[in-house]
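Reading through the structure tokens given below for one structure.
The values are calculated or read from the model by the stated rules, or taken from the named source; none is laboratory data. A quick note: this is a predicted structure, and the numbers were derived from the prediction, not measured. In this analysis, Cβ positions are derived from the backbone assuming ideal geometry, glycine residues included, and neighbour counts consider all displayed protein chains.
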Amino acid sequence: MSTVSSAPELRPARRSLFDPAIVRGAVADSFRKLDPRVQVRNPVMFLVGVGSLLATVLFIRDLGDSTAAENVFGALVIAFLWFTVLFANFAEAMAEGRGKAQAAALRKVRSETMANRQLARGEVEVVPSSRLTVDDIVVVSAGEVIPSDGEVIEGIATVDESAITGESAPVIREAGGDRSAVTGGTKVLSDRIVVRITAKPG
């Protein structure tokens, strides 16, 4: 007698483009990234930063000897240079923050997902994905989340991998060939697949 229970639908929460928590962290990081040891990893912005610093020093040195118009022009140029450096740092920090938040959300979904594990006699038991081990066989139907990384060994289905790739278009995953690998935390949109787990717990 099979004991089949549908796993609850869990998906990473989608964050807005300007999530306040990410923005606050990115603003702080944009100033921390002014450290030359960090800036040197990006040669272009490193040179812009060096130019900004040099222009600032020269502006302060010549402040008393220049006319008001020259000082205004110099201040605008320096402000634009520093804005360029800070905005580049901010954009990089935003991308990093969103990536970390998405990865954390995906890990949470994977840890909370219930899996339909297939037993040797063909019965199915519902277990937390954290109890899955390598070579376990799980059944994933339309509307359910794939509990862990694995390989499709039976069936074909469309899978929403936007939590991983950011692409909204679903992909086809089927047994055999180079389209059999599936990732934990992604959602099956149609049909039913049988997956052999290839990742260790955690």
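On the basis of being modelled with pLDDT of 85 or more and surrounded by 11 or more Cβ atoms within 10 Å (Cβ to Cβ), does GLY51 make the cut?
On the way: modelled with pLDDT of 85 or more: yes; surrounded by 11 or more Cβ atoms within 10 Å (Cβ to Cβ): yes.
Taking the combined requirement at face value, the residue satisfies it.
Name the single residue, out of those in the stretch 82-115 being touching a Gly at 6+ places or on another chain (Cβ under 6 Å) and at pLDDT 75 or above, that is surrounded by the most Cβ atoms within 10 Å (Cβ to Cβ). Can you show your working first?
Taking the stretch 82-115 and keeping what is touching a Gly at 6+ places or on another chain (Cβ under 6 Å), we get 85, 97, 106, 109-110.
Narrowing further to those that are at pLDDT 75 or above: 85, 97.
Working: VAL85: 21, GLY97: 19.
Per the stated criteria, the residue is VAL85.
Of all strands (runs of 3 or more DSSP E) completely enclosed by the stretch 48-162, which ones contain at least 1 residues that are of a type in the set (Lys, Arg) and closer than 30 Å to VAL188 by Cα? Lay out the reasoning, then the answer.
Working: elements: 114-118, 124-128, 137-141, 150-160.
Of the strands (runs of 3 or more DSSP E) lying wholly inside the stretch 48-162, those with at least 1 residues that are of a type in the set (Lys, Arg) and closer than 30 Å to VAL188 by Cα span 114-118.
Any chance you could count how many residues in the stretch 163-185 are part of a strand (DSSP E or B) and of a type in the set (Gly, Ala, Ser)?
Taking the stretch 163-185 first, the residues part of a strand (DSSP E or B) are 171-174, 181-182.
Next cut, of a type in the set (Gly, Ala, Ser) only: 181.
Qualifying residue count for the region: 1.
Going through the stretch 33-46 one residue at a time, which ones are in a helix (DSSP H, G or I) and either surrounded by 12 or more Cβ atoms within 10 Å (Cβ to Cβ) or of a type in the set (Asp, Glu) (or both)? Give the derivation first.
Going through the stretch 33-46, the residues in a helix (DSSP H, G or I) turn out to be 36-39, 43-46.
Once the filter is applied, which keeps residues that are in a helix (DSSP H, G or I) and either surrounded by 12 or more Cβ atoms within 10 Å (Cβ to Cβ) or of a type in the set (Asp, Glu) (or both), the stretch 33-46 yields VAL38, GLN39, MET45, PHE46.
Do the conditions hold for SER30, that is, is it buried (at least 16 other Cβ atoms within 10 Å of the Cβ) and modelled with pLDDT of 90 or more?
Values: buried (at least 16 other Cβ atoms within 10 Å of the Cβ): yes; modelled with pLDDT of 90 or more: no.
Answer is no for this residue.
Answer yes or no: is there a residue in the stretch 145-163 that is among the small types (Gly, Ala, Ser), surrounded by fewer than 14 Cβ atoms within 10 Å (Cβ to Cβ) and at pLDDT below 90. I'd like the intermediate steps shown before the answer.
If we filter the stretch 145-163 for residues that are among the small types (Gly, Ala, Ser), which is where we start, we get 148, 150, 155, 157, 162-163.
Still in the running and surrounded by fewer than 14 Cβ atoms within 10 Å (Cβ to Cβ): none.
The answer is no; no qualifying residue exists.
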